[in-house]
Amino acid sequence: MYSFLPAIISVIFLTLGFYVVKRKGLTRVSSSFLFLCVTTFFWQATWAVLYQVKDPDIANFLVKLGYFFILFLPTSIYQFLSEISNSRNERRYVHASYAVACGLAAVMLTTNLFVNGYYEYSWGFYPKAGVLHFVHVLQTAVVVCRGLYITWLEEREAHHFQQARLRSCVVGMLIYFFASLDYLCNYGVDFYPPGVIFILISFSIMTVAIVKYGLMDNPASIAATIAHEMRTPLATIQLQAQSIGKYLPELFKGYQLAVDNQLCAQGIKTHHFEKIRDIAAHIETEVRQSNAIIDITLASAHRDLHKYYDYSVHSMAITIIDAVDNYPFNPGERDNIELDIEHDFIYLGSDTLMKYVVYNLIKNALFAIKAEGKGGVRLALERHGSQNRMTFVDTGPGIPADIVPHVFEEFFTTKREGSGSGMGLAFCKRVISSFQGSILCHSRHGEFTSFVLTFPALQEGEGRAFGYEGAAQVAQS
């Protein structure tokens, strides 16, 4: 009877963990949740067996086996909460906590200082705390409270829907934490461990958070879905703009003839004419820019870029020219871009993705220059032996030294709310890494920001192996 609840809970949690991974894919959040579910499974499954055994030797083996997984539970909760709250700075502390758990596991397996045998209660055997057991109890309190705190801080600053997701997570994990009441049984308090009840309640809350609020959903995938839905209205706007651009000049001619022949008074001033005449072009420019952002967002949602884009050999100079020619510049912005691409080189990757990288760098640079009211952009190609480089420099406001280490983190942005998603540079890094290259940021606040993109050098023979005839021939064509 005493084994029934632990056995049921163990199966439920293991099923939930694999369900989340199957439905949401293997991400940092889903993998940390899976590890939490797996450790919970082994903890409760071992106790379900322990409550049934009568042999002291088997009981002594099971108490250490079960506690081996319990040692990692607090840190798995901490890791899950840090990933849910997108607190990347916590990862080094998570790793340190796992190191402490490994150390305690080694002590437990080789000595009786952590688990010193067992108690034999009316409902079954249970581990007896050794002299070092308090270290684990202290670690549990510290790391779980820390995880709940950082998630609570994130919930306070999140948008309304994200708040509901994080609040459910905090409540669920807080209730799970009350399962630590079971520690009293390790110190001789004779009552049936109530932790299984708290785990069951926590499971119910987490299930609601996952199903109703999409707790495990990747924000990039959500953004990609929304972005994809924007294509239809943008296409409609573009068609309307093209119609305006096609017929508006004829209407202007008719209006001007009517004014010239005194058939109507001139109610539209000349300079207003000029603005109206350019309205269709402005609309189409905005639509192209919006579509470029949508393309980048959709590409950002794909974790395995190789599955969605064909990788082959391309000329970097041609890719850059194509990107610049198709970028939706506002009036006068193209004059700020200087290209030095004489030292062309070839790279193995997707030219579509590479154009998105260039789009991102141009967009960020122009935003910074506009905010500063001065500056320019220089994009240069260089060859350096076994490596080739693209250097992208803007002489805008620069980036503060404490911000530079974070610029490639997903969803990190210094722009005001609604002006940036924090996905762009993280996407750039992922693309360049998939090309077997690297991207670094250097900046001096108030002077400049530079991005150095490094690519492995390919020989012309390697290019031909991919069906590429060489940068020189393509450039000439």
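Values for this structure:
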quantity	calculated
Cβ pairs under 8 Å, 6+ apart, first in the stretch 43-71 and touching a residue at least 40 places away in the same chain (Cβ under 8 Å), second buried (at least 17 other Cβ atoms within 10 Å of the Cβ) and in a loop (DSSP other than H, G, I, E, B)	W47/S3; W47/P193; A48/S3; V49/S3; Y51/Y2; Y51/S3; Q52/S3; Y67/F114
Any chance G130 is under 20 Å from P193 (Cα atoms), in contact (Cβ under 8 Å) with a residue 60 or more places away in the chain and out of contact with any Asp or Glu (no Cβ under 9 Å at 6 or more places or on another chain)	no
Meets criteria (in contact with a Phe, Trp or Tyr (Cβ under 6 Å, 6 or more places away or on another chain), within 30 Å of I210 (Cβ to Cβ) and either crowded, with 21+ Cβ neighbours inside 10 Å or modelled with pLDDT under 90 (or both)) for T151	no
Test: residue in the stretch 94-110 that is outside any helix (DSSP H, G or I), at pLDDT below 95 and farther than 23 Å from Y2 by Cβ	no
Pick from the stretch 1-42, criterion in contact (Cβ under 8 Å) with a residue 40 or more places away in the chain and not in a helix (DSSP H, G or I), ranking: nearest to the chain's Cα centre (by Cα)	T27
When residues of the stretch 378-410 are limited to those that are assigned to a loop (DSSP other than H, G, I, E, B) and polar (S, T, N, Q), the one farthest from H343 (Cα to Cα)	T395
Identity of the residue in the stretch 90-126, of a type in the set (F, W, Y) and in contact with a strand residue (DSSP E or B) (Cβ under 6 Å, 6 or more places away or on another chain), that ends up surrounded by the fewest Cβ atoms within 10 Å (Cβ to Cβ)	Y119
Failed item in (1) in a helix (DSSP H, G or I); (2) of a type outside the set (S, T, Y); (3) over 16 Å from the mean Cα position of the chain (by Cα); (4) modelled with pLDDT of 85 or more, with F455 passing the rest	(1)
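For every residue, the table says whether it meets (1) modelled with pLDDT under 75; (2) surrounded by 13 or more Cβ atoms within 10 Å (Cβ to Cβ); (3) touching a helix residue (DSSP H, G or I) at 6+ places or on another chain (Cβ under 6 Å); (4) among the polar types (S, T, N, Q).
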position	(1), (2), (3), (4)
Y213	yes, yes, yes, no
M216	yes, yes, yes, no
L251	no, no, no, no
C264	no, no, yes, no
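The values are calculated or read from the model by the stated rules, or taken from the named source; none is laboratory data. As the structure is a prediction and not an experimental result, all values here were calculated from the model. Neighbour counts run over all protein chains shown; Cβ positions are idealised from the backbone, glycine included.
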